[in-house]
Amino acid sequence: MGKAYLMIIVLLSVEGVFGAEADPPKTIESAEGDSVKLETCVTKIQEGDEVEWKFGPHVIATIKANNVLLYDTDDALFKDKLHLDDQTGDLTIRNTRTKHSGLYEVKIVNITHTEHKRFSVTLLDAIPKKVSVTEGESAVLKHDVADVEIYDMIMWMFEDGETSIAQINKKTSKTPSYDGIDEKFRDRLQLDQTGTLTITNTKSTDAGLYKLEVTGQNKAVKYRKFRVTVSESGLSTGVIVAICVGAAALILLVLGAGIWCRNRGKGVL
Ligand SMILES: *[C@@H]1O[C@H](CO)[C@@H](O)[C@H](O)[C@H]1NC(C)=O
């Protein structure tokens, strides 16, 4: 019994010593949409050196005999997003999404050494900004993307929709277009040149997640999110006052009529 425990402890310690990776992964945190550059820190790849990049178990890029080859996962996770520098072996992932978060590993093999480097990449989802309105009011979704004028395309989406509900494509026109798949927002959206979206005359069905995507040539895509809540109008103070005034008027009217009747009965009028 005691021996068995000792054995396990010894095995665990051995595992701990020899199973440990040389270096902990370098941690990289960035916002969804940004480009992420993973650096090998090699000054120059020599002819005959081999570089292999992996994302989890998948080989995604290699340099062999000075030839750069890019691969992808079965679900095309990295389609048009990878750039591998053939001089340094640095890997750049462009226009990232949260699903590109994970462990990246590079193996660099030269005539004398094999070197491993690991990168733990986290791409942060944009945190939704809260906008609360009462039914009937306008909801103004004002983003904080800097220099929005340098981007070509401003696009707003609702919930998990893949199509935009409002957009400006400056390459074709400065005029916004509203092309929601349903009639939900009919004539109630206003998109200005700065990308601020206003939903007028809000309804309870407008509540949900709105996503802004700003794109431009050779620029990282910017994402912003807004969580809109629409509370029922209920009875506003104005309505309550109006009802009270109405009720009071009615009472006065009834009383007045009573007095009038009584007085007429007495032959006063
Ligand atoms: C091989 O790589 C190691 C680092 O991994 C470096 O110090 C060494 O100079 C390289 N050798 C050649 C011949 O490039």
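Values computed for the structure shown
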quantity: Order by protection proxy (mean Cβ within 10 Å, highest first), peptides 109-122, 207-220; calculated: 207-220, 109-122
quantity: For region 129-231: relative contact order, % (alpha-carbon pairs under 8 angstrom, 6 or more apart); calculated: 38 percent
quantity: Anchor K26: lysines whose Cα lies under 27 Å away (excluding residues fewer than 8 positions away in-chain); calculated: K37, K44, K54, K64, K79, K81, K99, K107, K117, K219, K222
quantity: Apportionment of accessible area to carbon and sulfur, region 129-231, percent (1.4 Å); calculated: 48 percent
quantity: Sequence-distant aspartates and glutamates (8 or more away, or on other chains) whose Cα lies within less than 19 Å of K184; calculated: E135, E137, E159, D160, E162, D206, E232
quantity: Environment charge at L103 (Cβ cut-off 9 Å; Lys +1, Arg +1, Asp -1, Glu -1); calculated: +1
quantity: Convex hull of region 109-203 built on C-alpha atoms - directionally averaged projected area, nm²; calculated: 10.3 nm²
quantity: Exposure rank, largest accessible area first [E137, E32, E52; 1.4 Å]; calculated: E137, E52, E32
quantity: Principal axis dimensions, region 24-124 - Cα atoms, whole angstrom, descending; calculated: 38, 27, 22
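The values are calculated or read from the model by the stated rules, or taken from the named source; none is laboratory data. The shown structure was predicted, so the numbers you read here are calculated from the model rather than taken from an experiment. Cβ: placed from backbone, ideal geometry, glycine included. Neighbour counts: every protein chain shown. Just so you know, the surface numbers come from the protein's heavy atoms only, side chains and all, with ligands and any DNA or RNA stripped out. Shrake-Rupley method; radii C 1.70, N 1.55, O 1.52, S 1.80 Å.
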